[in-house]
Amino acid sequence: MKRFFKSTKQRISFDEYIQNTLITAKRIIEISPGKQRYTSAQFEMALIGFADLKTLKQEMDEDIEVVFPKSLERDWLVGFDWLDLAVHYGDEDAIEYFKNNMKNEVFSTVYKKYKEDCRPDCALQYHENISKTHSLV
C-alpha cells in the first residue's frame, strides 16, 4: 500500500518570495518557434503590485508559506504592467481577474489612465469590451 505524505511547507519571507517570483516571472520559455509559455508568476507579480493579498494567497504554490507584511503599498503601474504581460501570454486567471475588476470603478478608472498615458497598445484592451458587455447584462 502506497502512503502519500504531505510535504512540509517551506516558510519564507515576503522579500524572498518576491525575489523568487520575479526570477520566474522574467523567465520566458520558448515551447516551439515563435511560441512562448507564460508562467503564473507574472500574474502573481501583478497581484503584488495591486496589493491584492487575498487573491495572491489563492494563486501561490501550496508548498510554500510566506510571512506577509501587515500591509502592502499599491503600485498601479507595476500591477498593470505585469497584468498586461500575463494577459498577453494568455494566463486565464489574469484575464478573469482583469474582467472581474473592470467592474470596480477605481480599478477601471486607473486602468483607463494607464492605457492612455503608458500603454495604449496593451493586451488588456482586447478584454475590456468583454468586461463592459458582461457588466451590462
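The values are calculated or read from the model by the stated rules, or taken from the named source; none is laboratory data. None of these values were measured; they are calculated from a predicted model. Glycine gets a Cβ as well: all are built from the backbone with ideal geometry, and neighbour counts include every protein chain shown.
Some observations on this one:
- Exactly one residue among D81, D61 is surrounded by fewer than 22 Cβ atoms within 10 Å (Cβ to Cβ), of a type in the set (D, E, K, R) and part of a helix (DSSP H, G or I), and that residue is D81.
- Just one of the listed residues (D84, D61) is modelled with pLDDT under 95 and out of contact with any Gly (no Cβ under 9 Å at 6 or more places or on another chain), and it is D61.
- The one condition in (1) surrounded by fewer than 15 Cβ atoms within 10 Å (Cβ to Cβ); (2) among the charged types (D, E, K, R); (3) not in a loop (DSSP other than H, G, I, E, B) that K99 fails to fulfil: (1)
- So D91, is it buried (at least 19 other Cβ atoms within 10 Å of the Cβ), among the acidic types (D, E), touching a Cys at 6+ places or on another chain (Cβ under 6 Å) and within 26 Å of R27 (Cα to Cα): no
- Matching option when the condition is modelled with pLDDT under 95, over 18 Å from R119 (Cβ atoms) and within 10 Å of the chain's Cα centre (by Cα), among S71, S40: S40
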